[in-house]
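Enquirer: Provided herewith is a single structure, encoded as structure tokens, for subsequent inquiry.
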Amino acid sequence: MMYYSMYGHVAKLAEEIKKGASSVEGVEAKIWQVPETLPEEVLGKMGAPPKPDAPTITPQELAEADGILFGFPTRFGMMAAQMKAFFDATGGLWREQSLAGKPAGIFFSTGTQGGGQETTPLTAITQLTHHGMVFVPVGYTFGAKMFNMDQVQGGSPYGAGTFAADGSRWPTEMELEHAFHQGKYFAGIAKKLKGSA
């Protein structure tokens, strides 16, 4: 899986998704982050912490994966520019159709409840479509917990999610469970698709 995370919320989801994917026998899950496009000076003014240790991915490395989960925060209801910049650099893969037929999923973080838990993944599907990838939503496979109204929780049928609020709110236990489930569910689908190829 690959992600962009400015403050660490999406990175936290990625860690849990990796645990879920790795729980499927025969699946090797890796985490990459996309290159940062903002200068250190700007990130410092924004209060962004240092980046996690995950290696930075190049577009060509996408072609080596059997399936890819993409994680990012929202910016006005769409993926952050850093992730879009990475997708914009995948033109060579598009020309060769190197990603066509590969399963893909999405996970995300938003600042508010109405801030893009559905529009962010929905608008990101265009990137997958142009590459001919097979979108694998988590749907309602997380079960009854998807209908929980006892607490505020991120995520949707499109994928696992969290609310960051002003940056001080971190993924809840329920949101992390959803992320683990997405990783496990997605890995199972990717393994089946690879086995039938």
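The values are calculated or read from the model by the stated rules, or taken from the named source; none is laboratory data. From a predicted model like this one, the values you see are computed outputs, not experimental measurements. A quick note on method: Cβ atoms are made from the backbone with ideal geometry, for glycine too, and the neighbour counts reach across all protein chains shown. Areas reflect the complete protein model, heavy atoms only, side chains present, ligands, DNA and RNA absent. Shrake-Rupley method; radii C 1.70, N 1.55, O 1.52, S 1.80 Å.
Enquirer: Can you tell me which residue is farthest from TYR7 (Cα to Cα) among those in region 37-52 that are part of a helix (DSSP H, G or I) and of a type in the set (A, V, I, L, M)? Write out each step before concluding.
Expert: Within region 37-52, the first condition is being part of a helix (DSSP H, G or I), and the residues that meet it are 40-45.
Adding the requirement that they be of a type in the set (A, V, I, L, M) leaves 42-43.
On the way: VAL42: 13, LEU43: 10 Å.
Of everything passing the filter in region 37-52, VAL42 is farthest from TYR7 (Cα to Cα).
Enquirer: Could you grab me the full set of residues in region 59-113 that are closer than 16 Å to HIS131 by Cα and either among the β-branched types (Val, Ile, Thr) or open to solvent by 70 Å² or more (accessible area, probe 1.4 Å) (or both)?
Expert: GLN60, GLU64, ASP66, ILE68, LYS84, ASP88, THR90, TRP94, ARG95, GLU96, GLN97, ILE106
Enquirer: Additional query: Taking only pairs six or more apart or across chains, which ones have beta-carbon atoms under 6 Å, a first residue in region 166-189 that is touching a residue at least 60 places away in the same chain (Cβ under 8 Å), and a second residue that is assigned to a helix (DSSP H, G or I) and open to solvent by 60 Å² or more (accessible area, probe 1.4 Å)?
Expert: Cβ pairs passing all conditions: PRO171/LYS12; PHE180/LYS19.
Enquirer: State all residues of region 34-50 that are open to solvent by 70 Å² or more (accessible area, probe 1.4 Å) and either touching a residue at least 60 places away in the same chain (Cβ under 8 Å) or within 20 Å of LYS12 (Cα to Cα) (or both); if no residue qualifies, say none.
Expert: Scanning region 34-50 gives MET46, PRO50.
Enquirer: Moving on. Any idea which residue in region 1-13 is least open to solvent (accessible area, probe 1.4 Å), counting only those that are in contact with a Leu (Cβ under 8 Å, 6 or more places away or on another chain) and in a helix (DSSP H, G or I)?
Expert: Here the residue is LEU13.
Enquirer: Among what's in region 165-174 and is in contact with a helix residue (DSSP H, G or I) (Cβ under 7 Å, 6 or more places away or on another chain) and part of a loop (DSSP other than H, G, I, E, B), pick the residue that is least open to solvent (accessible area, probe 1.4 Å).
Expert: Going residue by residue through region 165-174, those that are in contact with a helix residue (DSSP H, G or I) (Cβ under 7 Å, 6 or more places away or on another chain) are 170-171, 174.
Checking which are part of a loop (DSSP other than H, G, I, E, B) leaves us with 170-171.
Details: TRP170: 122, PRO171: 19 Å².
By that ranking, first place goes to PRO171.
Enquirer: Which pairs do you get when a residue that is in contact (Cβ under 8 Å) with a residue 24 or more places away in the chain, found in region 129-150, comes within reach of a residue that is open to solvent by 80 Å² or more (accessible area, probe 1.4 Å) and outside any loop (DSSP other than H, G, I, E, B), reach meaning Cβ atoms under 7 angstrom, with the pair 6+ apart or on two chains?
Expert: Taking only residues 6 or more apart or on different chains, the pairs are HIS130/TRP94; HIS131/TRP94.
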